[in-house]
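Student: Handing you this structure, nothing more for now.
The values are calculated or read from the model by the stated rules, or taken from the named source; none is laboratory data. Keep in mind that what you see is a predicted model, and the values were worked out from it rather than measured. All Cβ positions, glycine included, derive from the backbone under ideal geometry; neighbour counts span all protein chains shown. Heavy atoms of the whole protein, side chains included, go into the accessibility calculation; ligands, DNA and RNA do not. Shrake-Rupley method; radii C 1.70, N 1.55, O 1.52, S 1.80 Å.
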Amino acid sequence: MGFSTGEAIEILGAALFVNVVTLMLVAVLAPVFPVKGKFRDAVEGVIVSFASGAIFGSAFLLLLLQSAVLLLLSHFDEPFGAIWRWAALVMAGYLTKGVTHIVLSLVVCNSVDELKNPTVTIAPLVPPLPVSSSKENTVTPMQRARVASGLLLGDVAHKLLDGLIIASTFSNCNPRVGWAITFSMVIKEVAHDISDYFLLVASSGAGFKPALALLVKFCFGMAIVLGTVPILVAEPSQEQTGLILSYAAGVYVHVAATEYMPRAYSLVEETPLLRLGCMLAFMAGATCVGMVLIDMKNCAQEALLDRLGQQVFAQTAAATQQALAQAAAAAAAAA
């Protein structure tokens with residue numbers, strides 16, 4: 001499976017689109033985002049719920065379905081082999097974020113975690129930063145460096161994975177799947193990058209100027225483009241693409257189930273109407289991604305159906321031939 005020049009440009013363009021649009025939305029939303037109060041909690045809860053719905057929709061409606069089809073095609077004569085590979089990669093993807101968190105925590109000495117809410121995995125969009133007016137709370141240059149390095153190293157790691165996911169979904173015969181994943185990725189990154197932005201510009205965080213924080217985020221975010229390169233160069237097989245998408249689905253399920261929705265519920269747990277609003281936002285996010293399935297033709301799924309049809313036809317033909325042979329033998333015996 002090779003990529004044409006047009007397909008390669010589309011993949012690189014989608015990766016660049018995620019980085020540019022995310023940066024633009026952060027630059028627009030961050031200055032006007034409410035910094036405190038119940039209104040902030042409500043806005044953040046709705047945004048995070050919408051993002052969670054889009055991520056869940058991408059995982060269950062696109063990634064899990066597509067990866068299962070590709071693996072079944074690759075192991076058509078041994079479906080159990082496809083099932084265990086699919087399940088193992090999904091679970092490996094689910095655990096990846098936790099392993100990455102442990103490694104980065106050891107590297108940066110938990111400096112980033114100390115600035116985030118310890119009861120949830122995802123940081124608030126506007127984190128509750130400590131006041132640094134006294135000498136005891138003064139943030140040293142080394143602490144600022146640790147905060148910045150932790151945030152940016154984590155950003156590079158998951159942007160590389162995002163680029164890998166984008167290229168793998170576009171390697172499918174229908175680019176609508178790739179653009180649907182790109183759309184959900186923008187939503188996910190906005191919710192994540194606003195949090196990072198406030199930690200980078202906070203006086204008790206990295207202490208960057210706003211313009212510098214945006215520039216640094218953009219430069220490190222270009223790792224998403226680098227993440228597409230292995231797929232463009234290696235041109236993975238159908239089975240390898242299925243394995244990558246299975247792994248990506250596990251990552252997406254973890255992000256949506258253990259980071260975004262718990263964060264949303266923690267913000268609105270005392271207000272039933274706001275919780276209902278978060279549920280509606282979740283459904284809206286999933287629906288936006290699911291709409292890509294309307295009238296969508298997928299050559300991988302069509303190929304699987306063709307293989308199934310061929311197998312049924314072959315089995316029917318074999319059974320018919322056997323029945324005719326038995327009938328002929330019985331007739332010969334009777335004669």
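Student: Give the residues of the range 219-228 that are in contact (Cβ under 8 Å) with a residue 40 or more places away in the chain and of a type in the set (A, V, I, L, M, F, W, C), sorted by residue number.
Tutor: Selection gives Phe220, Met222, Ala223, Ile224, Val225, Leu226.
Student: Examine the range 72-84 for a residue that is open to solvent by less than 70 Å² (accessible area, probe 1.4 Å) and either at pLDDT 85 or above or closer than 16 Å to Thr258 by Cβ (or both), and state whether such a residue exists.
Tutor: No; the residues of the range 72-84 include none that is open to solvent by less than 70 Å² (accessible area, probe 1.4 Å) and either at pLDDT 85 or above or closer than 16 Å to Thr258 by Cβ (or both).
Student: While we're looking at this one, here's another question. Take the residues of the range 232-253 that are in a helix (DSSP H, G or I) and more than 16 Å from Leu89 (Cβ to Cβ): which is most open to solvent (accessible area, probe 1.4 Å)?
Tutor: Val233
Student: Follow-up. I'd like the full set of residues that are of a type in the set (A, V, I, L, M, F, W, C) and either in contact with a Lys or Arg (Cβ under 7 Å, 6 or more places away or on another chain) or under 17 Å from Val255 (Cα atoms) (or both), limited to the range 167-200.
Tutor: Ile181, Phe183, Met185, Val186, Ile187, Val190, Ala191, Ile194
Student: Consider Met283 against the criteria (1) within 23 Å of the chain's Cα centre (by Cα); (2) open to solvent by less than 60 Å² (accessible area, probe 1.4 Å); (3) at pLDDT 65 or above: it satisfies all of them except one. Which criterion is unmet?
Tutor: Exception for Met283: condition (2).
Student: Next question. I need every pair where a residue in the range 269-281 that is part of a helix (DSSP H, G or I) has its Cβ under 9 Å from the Cβ of a residue that is open to solvent by 100 Å² or more (accessible area, probe 1.4 Å), sequence separation at least 6 or different chains.
Tutor: From the range 269-281, the pairs are Leu274/Lys38; Arg275/Glu269.
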